[in-house]
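As structure tokens, the structure follows; a few thoughts come after it.
The values are calculated or read from the model by the stated rules, or taken from the named source; none is laboratory data. Owing to the predicted nature of the structure, the values given are computational and were not obtained by experimental measurement. Note: ideal-geometry Cβ built from the backbone for every residue, glycine included; neighbour counts use all protein chains shown. With ligands, DNA and RNA removed, areas are computed over all heavy atoms of the protein, side chains included. Shrake-Rupley method; radii C 1.70, N 1.55, O 1.52, S 1.80 Å.
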Amino acid sequence: MPSAARKLKVLFLCTGNSCRSQMAEGWARALKSDVIDAYSAGIEKHGMNPNAIKVMAEAGVDITRQHSKKADELKDVPFDVVVTVCGHANETCPMWLGQKARVIHAGLDDPPKLAKTAKTEEEALGHYRRVRDEIRAFVLTLPARLNHE
């Protein structure tokens, strides 16, 4: 457990840094800012997903000040832990991240992919809400969970 003076630097990494990693960063900032210094990035940069912003706002978390970025833009941050939130990020995690930080995988469904088959906007948002809530549950286990991974 980090001391009050030293927060754990955690990077949430996904493919495009548009949805899952952004929600994880938002939850970590909202729920664990006393012990976690949260960041998010992607292997690529796809911009912010408007539905992710919408469902996070429904839960009382504003992620509109966050922005999509590539992991390389955070090369100077000494991360303690990198949490990959999708298989692609886990498989293609930049080597330099693994050398500097512990990498753990928390595979989560991809809401935009699931939403493509939705027949209504409400059904599509349901996928985002489910994954949002799964991310919240995961973030609530931090940093204690890191001692068992």
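Among the listed residues Lys113, Lys54, Lys119, identify the single one that is part of a loop (DSSP other than H, G, I, E, B) and farther than 19 Å from Lys32 by Cβ.
Lys119
What residue, of Thr84, Thr64, is among the polar types (S, T, N, Q) and at pLDDT below 95?
Thr84
Which one is nearest to Lys116 (Cα to Cα), of the residues in the stretch 48-62 that are without any contact (Cβ under 8 Å) to a residue 40 or more places away in the chain and open to solvent by 30 Å² or more (accessible area, probe 1.4 Å)?
Pro50
Out of the residues in the stretch 63-91 that are free of Cβ contacts under 8 Å to residues at least 40 places away in the same chain and assigned to a loop (DSSP other than H, G, I, E, B), which is surrounded by the most Cβ atoms within 10 Å (Cβ to Cβ)?
His67
Working only within the stretch 93-149, note down all residues that are open to solvent by 60 Å² or more (accessible area, probe 1.4 Å), within 23 Å of Glu44 (Cα to Cα) and modelled with pLDDT under 85.
Of everything in the stretch 93-149, those that are open to solvent by 60 Å² or more (accessible area, probe 1.4 Å), within 23 Å of Glu44 (Cα to Cα) and modelled with pLDDT under 85 turn out to be Met95, Gln99, Lys100.
In this structure, is Gly60 over 21 Å from Val10 (Cα atoms) and assigned to a helix (DSSP H, G or I)?
no
Can you find a residue that is of a type in the set (Val, Ile, Thr), closer than 27 Å to Glu123 by Cα and modelled with pLDDT of 95 or more anywhere in the stretch 48-57?
Yes: the stretch 48-57 contains one or more residues that are of a type in the set (Val, Ile, Thr), closer than 27 Å to Glu123 by Cα and modelled with pLDDT of 95 or more.
Taking the stretch 13-47, which residues are open to solvent by 50 Å² or more (accessible area, probe 1.4 Å) and under 14 Å from Arg136 (Cα atoms)?
Correct list: Arg29, Ala30, Leu31, Ser33.
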